[in-house]
Amino acid sequence: MKVGYLVVAVVAAAVAVFALQNSDATHVRFLVWSVDAVPLAAVVLAALAVGLMVTGVPLAIQRWRLRARNRALQARLVALEETAAKRDEPPRSSAAGH
């Protein structure tokens, strides 16, 4: 877990340095939308955030489906184990006192 915190700290530091070094204003146009004097770092970081969301949604859906399949397979495994345990039980004698 410490490695994860270290990676997050390094990435955060890199983002901070990037934002400080790329503060020049730029003009952004997209379809009919136009904005002047937007810092270059803001444009790049916004594009990164949108990219993360675009890739994150399908991955989250896939993960949800895999978890549902895993639960179904676990339930099937339990049912099969119960069936196998019943099959392997020795037969009971119905007349215990005879």
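The values are calculated or read from the model by the stated rules, or taken from the named source; none is laboratory data. Everything numeric in this text was worked out from a predicted model, so none of it was measured. Methodologically, a virtual Cβ is constructed for each residue, glycine included, from the backbone with ideal geometry; neighbour enumeration extends over all protein chains shown.
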For residues that are of a type in the set (Phe, Trp, Tyr) and either assigned to a helix (DSSP H, G or I) or in contact with a Gly (Cβ under 6 Å, 6 or more places away or on another chain) (or both), tally how many sit in segment 8-51. 1
Being farther than 27 Å from VAL11 by Cβ, surrounded by 10 or more Cβ atoms within 10 Å (Cβ to Cβ), at pLDDT 85 or above and out of contact with any Ser or Thr (no Cβ under 8 Å at 6 or more places or on another chain): is that true of ALA85 here? no
Between a first residue in segment 29-47 that is free of Cβ contacts under 8 Å to residues at least 60 places away in the same chain and β-branched (Val, Ile, Thr) and a second residue that is exposed (fewer than 14 other Cβ atoms within 10 Å of the Cβ) and in a strand (DSSP E or B), which pairs have beta carbons less than 9 Å apart while being 6 or more apart in sequence or on different chains? VAL35/HIS27; VAL35/ARG29; VAL38/ALA25; VAL38/HIS27
